[in-house]
């Protein structure tokens, strides 16, 4: 369930903006993406990428979005152009509606159609060639009010609130979503947690890359795993949620695990 009483600010599925089940898991994020009374002001969500993008490489990005509707805050509009900007600049906020990361009137990936669905999740996806070693991803409406189309979705105030879930950025067309098991090609690799060990198996004579990422997106372990079967102690990790990624050539396995003290 959500992290607050039913129907309050950040509860899932029922909160002050909408009634909406998560696309995956038990949570999502959301942001004010247009407000007629606050010209060209936005809420956005930013994160540091696990590693900088490589200049000249093609990347694939996707996310599921939803037009929030039905909560006590009564957002009454839907918008287009909601998307993803990759940047070499960090992202910060002075307050909820005044991002220091200013509107850029472009995004590498964004919805060209108005996001109208209030009941289900809409996939927004695209690809781009990195022209800089981008280190940050910022999600939101990066276009000015004049460049944003709005559609009324029902009674409510003249603002739009957009929900986001299952964000993915990958060099592979098969964007691997954190939190689910993903295996590309033949499923020979295996990865699981047993007691206080991360067990890696199925590699044969071919080494694999292992990366463990914490809940903040920082890589806490990166190493080459050479053996057919290997056990790695995870007792040294701090309490929290982690994602382990085991990969080689055209195979990748992802596992999420929790360390409890």
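The values are calculated or read from the model by the stated rules, or taken from the named source; none is laboratory data. What you see is a predicted model; the values in this text were computed from it and never measured. Ideal geometry is used to build each Cβ from the backbone, glycine not excepted, and the neighbour counts take in all protein chains shown.
General remarks:
- Residues within the range 77-95 that are in a loop (DSSP other than H, G, I, E, B) and modelled with pLDDT under 95, tallied: 5
- Within the range 131-177, strands (runs of 3 or more DSSP E) holding 2 or more residues that are modelled with pLDDT under 95: 136-141, 159-170
- Some residue of the range 96-111 being within 15 Å of residue 33 (Cβ to Cβ), outside any loop (DSSP other than H, G, I, E, B), at pLDDT 95 or above and over 20 Å from the mean Cα position of the chain (by Cα): no
- Per-region count, the range 190-202, residues surrounded by 13 or more Cβ atoms within 10 Å (Cβ to Cβ) and either part of a strand (DSSP E or B) or not assigned by TED's automatic domain parsing to the domain that holds residue 254 (or both): 9
- The sole residue among 48, 36 that is out of contact with any helix residue (DSSP H, G or I) (no Cβ under 6 Å at 6 or more places or on another chain), modelled with pLDDT under 90 and farther than 15 Å from residue 142 by Cα is 48.
- Among residues of the range 203-223, those that are surrounded by 15 or more Cβ atoms within 10 Å (Cβ to Cβ) and touching a residue at least 24 places away in the same chain (Cβ under 8 Å), counted: 7
- Within the range 99-138, the set of residues being out of contact with any strand residue (DSSP E or B) (no Cβ under 7 Å at 6 or more places or on another chain) and crowded, with 17+ Cβ neighbours inside 10 Å comprises 103 only.
- Residue 47 falls short on exactly one of the conditions (1) in a strand (DSSP E or B); (2) crowded, with 16+ Cβ neighbours inside 10 Å, and that condition is (2).
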